[in-house]
Amino acid sequence: RDTLFDQKFTKILYINPNAQHFLPLEEGFLSKMKEIVSPIDFEVKADIPSIDDLLSNIKEENSHLLVIFDDMNEEAWSSDIVGILFVRLSSHMRISVMLTNHGTSNAKHFQKIIRSTNLLFIWKSLSDRLQLSTLNKKIFPYRPQFLEKCFEKAYAIQGKYAFLVINASQANELSHLGYCVSCNIFPYKKDDSDQLTHCPVYFHYKDAKLT
């Protein structure tokens, strides 16, 4: 979390529609998550909370809430509350939002949420090969296959689980210089060393070597 966020969270709210079904069977999941995020408060919900419920978590002056929507898909994209979270509350309140998704959508708030997202994590989908080209056309319309070329480099660096990160934040200086796509962003242990190595790789959207 320290790699992705500048803020120090006081609470993490994890929302998954299957929470009431699978979490009772996955006691290890809850204990592991609480151990990872400790001393941050960690809460699980199955339904999207109301705006008042969300705001109740940031009453204290130094409080900051991280909301994670996992496996919500169409339910999240169609939710007015999620739309307000991304467009208004995450920009002006002490609330950060993460949302997982599979593919694109025609839902009510999909385009608005995507435009308001600062960080996009992309994995290749074998079941939807148009997804990457569609995203490329929207973000890099004058650089055909740019993301495809970035993935080729990312696979060589990270292996079969490679992913790309698109940083669309206005506050990101590298994005303004053309380096808005990266991979290998998380620290990792190299060989038998206990020390963490941090070596992110950035791709310039005008780099001739990628086209």
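The values are calculated or read from the model by the stated rules, or taken from the named source; none is laboratory data. Note that the structure is a prediction, hence the values are computed from the model and not measured. Neighbour counts are summed over all protein chains in view; Cβ atoms, including those assigned to glycine, are modelled from backbone coordinates with ideal geometry. Ligands, DNA and RNA are stripped out before the accessible areas are found, and what is left, the full protein with its side chains, is counted by its heavy atoms. Shrake-Rupley method; radii C 1.70, N 1.55, O 1.52, S 1.80 Å.
Normalised by the number of residues in the chain, the mean separation of alpha-carbon contacts (under 8 Å, six or more apart) gives a relative contact order of 14 percent. For the chain, the longest principal axis of the alpha carbon atoms and the long axis of helix 130-139 meet at an angle near 80°.
So which of LYS124/LYS206; LYS34/LYS153; LYS112/LYS206 end up more than 32 Å apart by C-alpha? Each step should come with its number before you reach the end.
Values: LYS124/LYS206 22 Å; LYS34/LYS153 35 Å; LYS112/LYS206 27 Å.
Long pairs (Cα-Cα over 32 Å): LYS34/LYS153.
What's the magnitude of the charge dipole for region 112-211 around its Cα centre, counting Lys and Arg as +1 and Asp and Glu as -1 at the beta-carbon? Answer in Debye, nearest 20. Walk me through the numbers before you get to the answer.
On the way: 14 positive and 8 negative charges, 103 e Å.
It comes to approximately 500 debye.
Over region 85-210, with a single point scatterer placed on each C-alpha, what log10 of the ratio I(q)/I(0) does the Debye formula yield at q = 0.14 1/Å? The Cα Debye sum returns log10 ratios of -0.70.
Give, as ranges by residue number, the residues of region 157-197 whose backbone N falls under 19 Å from the point 7 Å along Cα→Cβ of LEU120. Counting only backbone N, you get 162-185. Angle of helix 146-158 to the longest C-alpha principal axis of the chain, folded into 0 to 90 degrees and rounded to 10: 80°.
Taking ILE157, ILE68, ILE95 as the candidate residues, the one with maximal mean-square fluctuation in a Gaussian network model of the chain, Cα springs under 10 Å, is ILE157.
In order along region 66-81, the phi-based Karplus estimate (6.51 cos²θ - 1.76 cosθ + 1.60, θ = phi - 60°) of 3J(HN,Hα) comes to 10, 10, 10, 9, 10, 6, 8, 6, 4, 4, 6, 4, 8, 7, 5, 5 Hz; Gly and Pro are listed as x.
Rounded to the nearest 20 debye, the dipole size of the chain about its Cα centre is 1040 debye, using +1 on the Cβ of Lys and Arg and -1 on the Cβ of Asp and Glu. Placing a pseudo-label 7 Å from each Cα along the Cα-to-Cβ vector at SER133 and ALA171 gives an inter-label distance of 3.7 nm. What the phi angles of region 170-175 give under the Karplus curve with 6.51, -1.76 and 1.60, with θ = phi - 60°, is a coupling list of 5, 7, 7, 5, 5, 5 Hz, glycine and proline written as x.
Can you send over the carbon and sulfur percentage of the accessible area for the chain, probe radius 1.4 Å, protein chains only?
Numbers: 6710 of 13370 Å².
Here carbon and sulfur together make up 50 percent of the probe-accessible area.
Less than 5 angstrom separates the built amide H of ILE68 from those of LEU13, TYR14, ILE15, MET98, all sequence-distant by 5 or more or on a different chain. Once the 1.4 Å probe is applied to the protein heavy atoms, region 1-145 comes out at 63 Å² accessible per residue. Put the Cα centre of region 28-101 next to the Cα centre of region 121-180 and the gap is 26 Å. Round to the nearest 10 and give me the degree value, 0 to 90, for the angle of helix 27-37's Cα axis relative to the longest principal axis of the chain. Roughly 70 degrees between the two axes.
First check a/c for region 35-104, with a ≥ b ≥ c the square roots of the eigenvalues of its C-alpha gyration tensor; if it is under 1.5, answer rounded, and if not, answer prolate when a/b is larger than b/c or oblate otherwise.
Verdict is oblate for region 35-104.
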